[in-house]
Structures are given as structure tokens and as C-alpha cells.
Amino acid sequence: MTTTDPTTVLLCHCSCPDQACARQLAETLVGERLAACVNQLPGVPSTYRWQGAVTTDSEVLLLIKTTAGRFEALKARLLQLHPYELPELVAVPVTHGHDAYLDWVRANVAG
């Protein structure tokens with residue numbers, strides 16, 4: 001993670017194998033104030049190369065809202081709980097947005 005301002009809001013993507021896993025991760029991350037909100041998008045087809053073979057699976061995509069200051073703790077917890085050997089976790093800084101919403105994200109992940 002290269003964002004130096006800990007208050008920068010991040011939108012993180014993480015794919016899950018099923019709805020039960022997605023719900024558990026979402027509830028844990030929000031419950032532990034590592035994320036302010038997690039959207040769960042079911043039925044996302046994913047095509048990828050794994051262990052030398054091209055595979056297509058239906059996954060649940062998580063859209064996780066957090067801050068740069070909470071990212072490392074979120075990453076550690078997600079890697080601890082996620083069933084995949086190599087979970088997807090990609091964080092994109094939010095450069096524009098509704099200021100009141102971004103403030104809400106910051107307030108809800110504040111330690």
C-alpha cells in the first residue's frame with residue numbers, strides 16, 4: 001500500500017467462493033471496525049488461471065470501504081479468515097466522492 005495519508009478512503013475488492021463466506025467476512029470486518037460498509041455482489045463469474053489451468057467459477061464479490069490507516073489490519077484479518085489459498089484483495093484510493101459519505105466511512109473505522 002503506497003497511500004501515505006491514513007484518512008484516504010479506499011475501495012477494496014475481494015472475491016469469495018459463496019454467500020456464507022462473503023457474509024461472514026463482511027460481518028466480521030464491519031463488526032471489528034475494519035470496514036465501514038461491505039457490499040456483497042453474488043453471481044459474479046470469474047475466469048482465472050490457477051495451478052496451470054484456466055478455470056471459471058461463480059463467486060461473490062465484496063466491495064469493502066475502509067481507510068488507508070486501517071488497511072493493514074483489514075488485510076491481516078481477511079487473510080486469517082478467507083478460505084482461499086491466495087485471496088484477492090485489491091485496494092483503490094477514492095479520489096472523488098460525496099464528502100459526507102467519505103466522512104462517514106472515516107468515522108466508522110476510527111479506532
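The values are calculated or read from the model by the stated rules, or taken from the named source; none is laboratory data. Everything quoted here is computed from the prediction, not taken from an experiment. In this analysis, Cβ positions are derived from the backbone assuming ideal geometry, glycine residues included, and neighbour counts consider all displayed protein chains.
Restricting attention to segment 25-66, the residues that are charged (D, E, K, R) and in a strand (DSSP E or B) add up to 4. All conditions but one from (1) within 22 Å of Gly111 (Cα to Cα); (2) in contact (Cβ under 8 Å) with a residue 40 or more places away in the chain; (3) assigned to a helix (DSSP H, G or I) apply to Ala22; the one that does not is (1). Screening segment 83-100 for residues that are under 19 Å from Asp18 (Cβ atoms) and touching a helix residue (DSSP H, G or I) at 6+ places or on another chain (Cβ under 7 Å) and picking the one that is surrounded by the most Cβ atoms within 10 Å (Cβ to Cβ) gives Leu89. Checked against (1) touching a Gly at 6+ places or on another chain (Cβ under 9 Å); (2) among the small types (Gly, Ala, Ser); (3) within 17 Å of Val38 (Cβ to Cβ), Ala91 passes all but a single condition, namely (1). The set of residues in segment 18-38 being among the small types (Gly, Ala, Ser) and farther than 13 Å from His82 by Cβ consists of Gly31, Ala35, Ala36. Taking segment 75-104, which residues are in contact with a Cys (Cβ under 7 Å, 6 or more places away or on another chain), aliphatic (A, V, I, L, M) and outside any strand (DSSP E or B)? Answer for segment 75-104, where residues must be in contact with a Cys (Cβ under 7 Å, 6 or more places away or on another chain), aliphatic (A, V, I, L, M) and outside any strand (DSSP E or B): Leu78, Leu89. Considering every residue within segment 41-50, establish whether at least one is modelled with pLDDT of 95 or more, under 18 Å from Leu74 (Cβ atoms) and either under 15 Å from the mean Cα position of the chain (by Cα) or surrounded by 14 or more Cβ atoms within 10 Å (Cβ to Cβ) (or both). No, segment 41-50 contains no residue that is modelled with pLDDT of 95 or more, under 18 Å from Leu74 (Cβ atoms) and either under 15 Å from the mean Cα position of the chain (by Cα) or surrounded by 14 or more Cβ atoms within 10 Å (Cβ to Cβ) (or both).
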